[in-house]
1. Using 0.36 nm per residue, how much length does the chain from residue 72 to residue 109 gain when fully extended, once their Cα-Cα distance is taken away?
2. Can you give me the distance in nm between label points at residue 38 and residue 120, each placed 7 Å from the Cα along the Cα-to-Cβ direction?
3. Would you mind computing, in nm to one decimal, how far apart the modelled labels at residue 100 and residue 48 are, each placed 7 Å from Cα along Cα→Cβ?
4. For the residue pair residue 58 and residue 80, what label-to-label distance in nm results when each label sits 7 Å from Cα along the Cα-to-beta-carbon direction?
Amino acid sequence: MVKCKCGREEAYDLTSPKLTLSCPDCEGFGVLQPLWDAWKEAEFSGDMDADYFKKVLVHQVKEIEEEIEQGRLWDEWIDVICVALNYLRTTSITPENIGKAAEKRAHRYSGQTDDIQRKYKEMENGERN
C-alpha cells in the first residue's frame, strides 16, 4: 500500500495495463508532488540540457558513494529523483505526460524485472557494455 498526501492508501497492480501511479483523488505526481512543487520557482536556463543533468547525476552518485548514514543516503536518492524530474521539466513535458510515460515504463517492466536485474548484474560483472 502507498499512502497519498491526502491520506488515502492505494494498492498498485504493476501488471495492470491501466496502471495509475497517483491517487485518483489527487492530481499530478501523488507522493512525488512535493518534490515537483519545491522546484517550481527555480530558474532553468537553456544551457541546462541533457548533458548538464548527466553531470549533476554523476555528482549525485558520488555523494551516494560517500554517504554512510542511512537517513542521509535516502536523501541523496531523493535528490536523484529531483534531478530526473527537473530534467523532464526543462523539456516542457507536462506532469500528466510524465505520469503517462511512467505508466508506460511500469507496464513494460511488468514481467520483465528478472531479465532487467540479470542485465544489471551482467553490467556489474563487466559482461555487457
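Only the coordinates and a few stated rules stand behind these numbers; no lab work does. Remember, it's a predicted structure, so these values are computed and weren't measured experimentally. Here the Cβ is made from the backbone with ideal geometry for all residues, glycine too, and neighbour counts use every protein chain on show.
1. 10.5 nm
2. 2.3 nm
3. With each label point 7 Å from Cα toward Cβ, the separation is 2.5 nm.
4. Rounded to a tenth, the inter-label distance reads 1.7 nm.
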